[in-house]
Amino acid sequence: MGADADTALVEEVSITSANINDGKAGPDALPDNPGEVFADSAYRGNHFCGALLAKGGIPRIVATGM
């Protein structure tokens, strides 16, 4: 789900089956010119970050330790 940072209104939604990783489905929910994108560590992969950067976004993705 992609929401506007100022209004908190949902702008984009991507629905997949439960066996699809968030990072793989995430690019479908990116709007054009997404600005800063805050996400959890499921979105750290190259697939999501590459799509985000290609649309001019700035990734702000949490890094977690195990």
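All of the numbers you see were taken from the coordinates with simple rules; none came from a lab. Just so you know, these numbers come straight off a predicted model, no measurement behind them. Counting neighbours? That spans all protein chains shown, and the Cβs are built from the backbone with ideal geometry, glycine included.
The table below gives the values:
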| quantity | calculated |
| --- | --- |
| Unit Cα scatterers, Debye sum, the chain: log10 I(q)/I(0) for q = 0.13, 0.18, 0.25 Å⁻¹ | -0.33, -0.64, -1.17 |
| Highest to lowest packing among 26-32, 10-16, 52-58, scored as the average C-beta count within 10 Å | 26-32, 52-58, 10-16 |
| Net lengthening on full extension, Leu53/Ala5 (0.36 nm per residue, minus Cα-Cα) | 15.5 nm |
| Relative contact order of the chain, defined on C-alpha pairs under 8 angstrom at six or more residues apart (%) | 28 |
| Cleavage-rule hits (chymotrypsin sites (Phe, Trp or Tyr not before Pro)) in segment 23-66: DSSP loop, at most 13 neighbouring Cβ within 10 angstrom | none |
| Cα→Cβ-extended label distance, 7 Å offset, between Asn33 and Ser14, nm | 2.1 |
